[in-house]
Amino acid sequence: MDIKSTLMGLTFALIWSSAFTSAHIIVQVAPPLSISALRFLFAGLIAIFIAYVLGERANFTRKQWYSIILFGICQNAIYLGLFFMAMTRIEASLASILASIMPLLVAFSLVTVFSEKLSKIGIIGLITGFSGVTLIMGSRLTSGVDFVGIVQCIIGVIALTIATLSVKSASTGGNLFMVVGMQMLVGAAALTIPALTLETWSMAWTPKVVLAFTYTIIVPGIIATYIWFLLVGRIGPTKAATFHFLNPFFGVAIAAVLLGESLTIIDIIGVAIIMVGILTVQKSKHK
């Protein structure tokens with residue numbers, strides 16, 4: 001992996017981890033599904049505008065359209081929609097920890113579904129990573145954390161895993177800003193019906209919320225997604241997922257600094273175990 005890919009991955013991991021904190025600020029004063037749909041609508045329109053300025057057009061193959069739609073539904077509508085809902089119930093730091101198991105699920109899916117061979121070291125890494133998650137979940141459940149919020153995050157991470165495995169075909173052929181914009185609009189459309197059905201719009205537009213909402217749209221929404229598509233197209237989904245091993249650390253650290261969320265020693269140990277597990281899986285030899 002070259003230096004440029006490494007810098008892209010580190011930038012993505014930092015930005016992606018910060019999204020849990022900004023999202024947590026937003027959902028405290030806004031209905032999660034409605035604000036998610038609005039976020040994707042704005043982000044999609046901005047990305048498509050940039051794409052047209054750069055001369056990009058929505059000239060995609062049927063396979064690319066399929067991947068864009070699948071990615072938009074799985075990542076934006078299901079994963080981020082459920083995580084926005086979950087963060088009305090649980091802390092941003094816990095949400096970032098749960099999201100970090102995605103690389104483990106990607107590796108597990110490649111082995112079980114696509115029959116990819118994983119070395120013994122990789123298998124040990126999978127077991128190690130899931131052990132860290134189990135440790136944190138056991139500690140949080142006994143301390144009274146909301147079980148529904150955890151389940152929402154787990155379902156969301158499974159959807160993110162599917163999105164990650166589909167992104168390779170969507171990211172080929174250029175027009176990446178157009179790809180980003182289209183999958184954002186897919187997410188907005190998919191969330192509109194449940195938002196109108198389940199929620200009543202009410203939001204307090206304080207300066208803090210406006211800043212968090214704007215940041216979430218532009219930085220994690222457009223910039224991080226664009227970097228992710230470039231990175232996956234450059235080094236592939238398995239290697240790109242390596243950088244998610246930094247998400248537990250970045251996510252917990254940012255939430256602690258900006259939101260003042262407290263951490264237990266078990267949380268810290270669990271995060272370290274997850275990071276070791278993910279790194280071991282990604283560094284192991286795939287055949």
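Quick look at the values:
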| quantity | calculated |
| --- | --- |
| Calculated over the stretch 1-90: convex hull of Cα atoms, volume per residue (Å³) | 135 |
| Highest-first arrangement of 121-127, 257-263, where packing means the average Cβ count within 10 Å | 121-127, 257-263 |
| Dipole magnitude of the chain about its Cα centre (Cβ charges: Lys, Arg +1; Asp, Glu -1), debye to nearest 20 | 860 |
| Kyte-Doolittle at least 1.0, axis length at least 24 Å by Cα - qualifying DSSP helices, the chain | 3-27, 32-53, 120-142, 147-170, 176-198, 265-283 |
| Ratio of the Cα radius of gyration of the stretch 196-237 to 2.2 N^0.38 Å, where N counts its residues | 1.71 |
| Rg(Cα) / (2.2 N^0.38 Å) computed for the chain, rounded to two decimals | 0.96 |
| With eigenvalues of the C-alpha gyration tensor scaled by 5 and rooted, the stretch 62-113, Å | 24, 17, 6 |
| Alpha carbon convex hull of the stretch 198-287, volume per residue in cubic angstrom | 167 |
| The stretch 31-185: radius of gyration and largest Cα-Cα distance (Dmax), Å | 17.6, 55 |
| Order by protection proxy (mean Cβ within 10 Å, highest first), peptides 207-216, 49-58, 150-159 | 150-159, 207-216, 49-58 |
| Gap separating the Cα centres of the stretch 215-249 and the stretch 17-85, nearest whole Å | 14 |
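No lab work stands behind these numbers, since they all come straight from the coordinates. Remember, predicted model here, so these are calculated numbers, not experimental data. Note that each Cβ is placed from the backbone with ideal geometry, even for glycine, and that neighbours are counted across all protein chains shown.
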